[in-house]
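Single-structure report; data block below.
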Amino acid sequence: MHVEAALASLDALYQAMPPVAALGLRSAGFDGDCLRLHAPLAANINDKGCAFGGSLASLMTLAGWGLVNLRLQQAGVQADVFVADSQLRYRAPLYADLEAGARLAEGASWDAFLARLRERGRASIRIAAWVALPDGHGVAADCTARFVAIDNRYDPA
């Protein structure tokens, strides 16, 4: 599937979830390794005039979830993707639009993930995500999350 079509499909999934639609997010690019998302500060602002921490966490989770879905789509695998756990850090207040990115975490392997999913019908993978500061020299928040994919068509018999 062409990248623009894959991103449009992903944006449709995001918009179909009311809490996600409220964030105002949209995909901002996918290079095969990194998925980028954008959300306006105005829809994600807190009482201090900076980005709401829950929005930062949500955007990073959604970037990771979207990346796993895109990679499954590229591999021709249909599976449901769930976030299993995550560890996140808030590093600096963000007074600008939210720009998130997600990529494979260090030490993780798409090939091993896909092989396990095809073999067992279920697999997990670690993804690193972040929300960048507008100066390009740091992050407002970052996280590492484990996502689980489950192939509902898998029959071990």
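Just so you know, all these numbers are worked out from the coordinates, no wet-lab data involved. Everything numeric here is computed off the predicted structure, so don't read it as measured data. Note that each Cβ is placed from the backbone with ideal geometry, even for glycine, and that neighbours are counted across all protein chains shown.
Worth a mention:
- Simple rule: put +1 on each Lys or Arg Cβ and -1 on each Asp or Glu Cβ in the range 114-157, find the dipole, and look at ALA115, ALA140, ILE127; the Cα lying farthest toward the positive end is ALA115.
- Charge dipole of the range 3-150 (Cα centre as origin; +1 on each Lys and Arg Cβ, -1 on each Asp and Glu Cβ, all else neutral): 400 debye, rounded to the nearest 20.
- Selected from ALA63, ALA115, ALA79 as most flexible by GNM, with the chain as the system and alpha-carbon contacts under 10 Å: ALA115
- Relative exposure of TRP130, TRP110, judged by other C-beta atoms within 10 Å (fewest first): TRP110, TRP130
- Principal axes of the range 5-78: Cα extent on each, largest first, Å: 44, 23, 16
- Structure remark: mean-square fluctuation, Gaussian network model of the chain, C-alpha springs under 10 Å; the largest value among GLY107, GLY54, GLY66 belongs to GLY107.
- Percent of C-alpha pairs per 5 Å bin in the chain, short distances first: 2, 9, 19, 21, 20, 14, 8, 4, 2, 1, 0, 0.
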